[in-house]
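Working notes, structure below.
Each value in this text was obtained by applying a stated rule to the coordinates, not by laboratory testing. All of these numbers come straight from a predicted model, not from anything done at the bench. Quick reminder, even Gly has a Cβ in these numbers, built from the backbone with ideal geometry, and neighbours come from all protein chains shown.
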Amino acid sequence: MRRGELYRVRKPAGDPKPSRVFVVASRSLVIESRQATVICAPVFSSRDGLAAQVDIGTDEGLKHDSAIHCDPLTSIPESALTDYVGTLASKELEAFDQALRVALALD
């Protein structure tokens with residue numbers, strides 16, 4: 001598992017959908033540690049035009065155009081991240097980093 005990879009999570013807590021794709025946001029040190037959870041950003045089919053969102057689509061393994069929403073970050077057990085979907089290219093990973101900075105007010 002690496003930062004920027006997309007995984008489909010079945011029955012995510014508090015989500016009405018039977019599954020949702022999430023992007024791993026945690027740094028490598030956390031992923032490789034004995035931590036049981038990683039921080040992830042959900043992917044939705046809607047885009048609101050916010051700076052804390054990143055457009056992605058079929059190039060990242062999705063069936064249709066979608067957006068990573070960085071405002072509702074969540075902690076997910078690594079054991080739930082089993083259905084690999086794809087990975088962000090370097091351009092999208094840079095946009096993801098910027099969206100996280102906006103969402104967390106780090107700029």
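Summary of computed values
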read-out: Residues (of a type outside the set (Gly, Ala, Ser) and in contact with a Cys (Cβ under 6 Å, 6 or more places away or on another chain)) located in the stretch 24-72; value: Val24
read-out: Residue match in the stretch 41-57 (condition: over 17 Å from Leu100 (Cα atoms), in contact with a strand residue (DSSP E or B) (Cβ under 6 Å, 6 or more places away or on another chain) and in contact (Cβ under 8 Å) with a residue 40 or more places away in the chain); value: no
read-out: Some residue of the stretch 39-49 being among the hydrophobic types (A, V, I, L, M, F, W, C), farther than 20 Å from His64 by Cβ and over 14 Å from the mean Cα position of the chain (by Cα); value: no
